[in-house]
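Novice: I am attaching a structure below and will ask some questions about it afterwards.
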Amino acid sequence: MSSPEPPSEPTGGVALVIGAGGGIGAALVRTLEASGRFDRVIGLGRTSDPPLDLREESSVAAAIAYAASAGDLRLVIHAAGVLHGPGMTPEKSLSRIDPAALAEAFAINATGPALVMKHALPRLPRKGRCVFAALSARVGSIGDNRLGGWYAYRASKAALNQLVRTAAIELARRNPEALCVALHPGTVATPLSEPFVGDDPRAQSPETAAGRLLAVLDALPAGANGGFFDAEGQTVPW
């Protein structure tokens with residue numbers, strides 16, 4: 001007897017990408033549009049119309065309400081994040097921790113996605129397969145941390161993982177077929193990682209990363225709800 005086909009990524013309705021102005025987010029929008037699997041693909045970010053500012057809950061609520069008004073939200077991918085910026089760089093030691101940089105990392109990498117889940121998950125359909133995925137990072141894994149450093153980024157992504165895991169439990173009570181997961185995209189050549197990638201042969205294009213991430217979501221069974229997966233579909237330790 002042949003094994004059953006794995007569940008497929010939801011089709012029809014609306015696919016929403018948050019952080020569509022970033023490298024991976026923009027590639028996800030292009031890939032989803034090219035797939036033809038959804039009635040509409042919407043990309044939101046700071047410069048979209050309407051804009052979505054992760055620091056302002058009213059902005060998050062309004063932008064997600066706009067997307068939901070276009071049809072059933074069957075796929076929502078949160079692809080926004082921050083690693084470095086003015087006055088903010090990954091710390092190599094405890095002595096480099098800066099309260100402002102730490103607060104900024106948590107605002108964008110943890111609190112922002114939490115607000116997105118607060119307003120997006122209740123709008124997912126109550127029946128049928130639907131997916132929420134947040135791009136996390138392997139460095140946010142506590143169990144896999146063997147190098148240290150990068151305090152703000154590691155801690156904020158670990159917080160994101162816990163938020164996703166907790167929201168997944170609540171979401172399952174509303175729709176047992178729904179998925180809420182965290183994804184590690186791997187090393188991707190984007191402005192976020194550019195200062196740290198260099199000539200790393202593992203660096204992949206945003207288009208390649210987008211295709212791999214969508215393939216992972218496409219194959220996840222219902223039992224994967226609340227999980228943390230890499231771009232090959234393997235479980236990442238918490």
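Novice: Picking from Ala67, Pro99, Ile42, whose Cα lies most toward the positive end of the charge dipole for the stretch 1-111 (charges on Cβ: Lys, Arg +1; Asp, Glu -1)?
Specialist: Pro99
Novice: Considering the Cα trace of the stretch 129-188, what is its radius of gyration and what is Dmax, both in angstroms?
Specialist: So, for the stretch 129-188, Rg and Dmax equal 13.0, 39 Å respectively.
Novice: Cα to Cα, under 22 Å, and not fewer than 8 places away if on the same chain: which lysines meet these conditions relative to Lys157?
Specialist: Lys92, Lys118
Novice: Can I ask one more? Could you give P(r) for the chain, binned at 10 Å from zero, as whole percent values over all Cα-Cα pairs?
Specialist: Pairs per bin, as whole percents: 8, 34, 39, 16, 3, 0, 0.
Novice: Something else about it: Expressed in nm to one decimal, what extension gain is obtained for the pair Ser48 and Ser69 from 0.36 nm per residue of sequence separation less their Cα-Cα distance?
Specialist: Fully extending the segment from Ser48 to Ser69 adds 5.9 nm.
Novice: Okay, moving on. For the chain, what is the relative contact order in percent, using Cα pairs closer than 8 Å and at least 6 residues apart in sequence?
Specialist: On the way: 462 pairs, mean separation 53.1, N = 238.
With pairs under 8 Å counted, the relative contact order is 22 percent.
Novice: Let me understand the stretch 103-150 better: what is its radius of gyration from the alpha carbons, and its Dmax, in angstrom?
Specialist: Taking only Cα atoms of the stretch 103-150, I get Rg and Dmax of 14.5, 43 Å.
Novice: For Ala103, put the label point 7 Å out on the Cα→Cβ axis and report which residues of the stretch 143-176 keep their amide N under 20 Å from it.
Specialist: 151-157, 159-160
Novice: Taking the Cα centre of the chain as origin, work out the dipole magnitude from +1 charges on Lys and Arg Cβ and -1 charges on Asp and Glu Cβ, in debye rounded to 20.
Specialist: Here the size comes out at about 520 debye.
Novice: Another question, if that's okay. How much length would be gained if the chain were fully extended between Ala189 and Ala172, taking 0.36 nm per residue of separation minus their Cα-Cα distance, in nm to one decimal?
Specialist: That pair, Ala189 and Ala172, stretches by 2.7 nm at full extension.
Novice: Okay, moving on. Kindly report the accessible area of the stretch 104-167 per residue (heavy atoms of protein chains, probe 1.4 Å, no ligands, DNA or RNA), in Å².
Specialist: Per residue, the stretch 104-167 has an accessible area of 41 Å².
Novice: Express the carbon and sulfur contribution to the solvent-accessible surface of the stretch 9-123 as a percent, rounded to the nearest whole number, probe 1.4 angstrom.
Specialist: Numbers: 2710 of 5140 Å².
Roughly 53 percent, rounded to a whole number.
Novice: Something else: Could you please state, rounded to a whole Å, how far the C-alpha centre of the stretch 88-133 is from the C-alpha centre of the stretch 19-38?
Specialist: 20 Å
Novice: Using the Cα centre as the reference, give the magnitude of the dipole from point charges on the C-beta atoms of the stretch 11-107 (Lys, Arg: +1; Asp, Glu: -1; all else neutral), rounded to the nearest 20 debye.
Specialist: For the stretch 11-107, the charge dipole is close to 280 debye.
Novice: Just read off the accessible area of Arg30 with the full protein assembly in place, 1.4 Å probe, to the nearest 10 Å².
Specialist: Ignoring ligands and nucleic acids, Arg30 comes out at about 110 Å².
The values are calculated or read from the model by the stated rules, or taken from the named source; none is laboratory data. Quick caveat: nothing in here was measured; it's all calculated off a predicted structure. We place every Cβ from the backbone using ideal geometry, glycine too, and count neighbours over all the protein chains shown. With ligands, DNA and RNA removed, areas are computed over all heavy atoms of the protein, side chains included. Shrake-Rupley method; radii C 1.70, N 1.55, O 1.52, S 1.80 Å.
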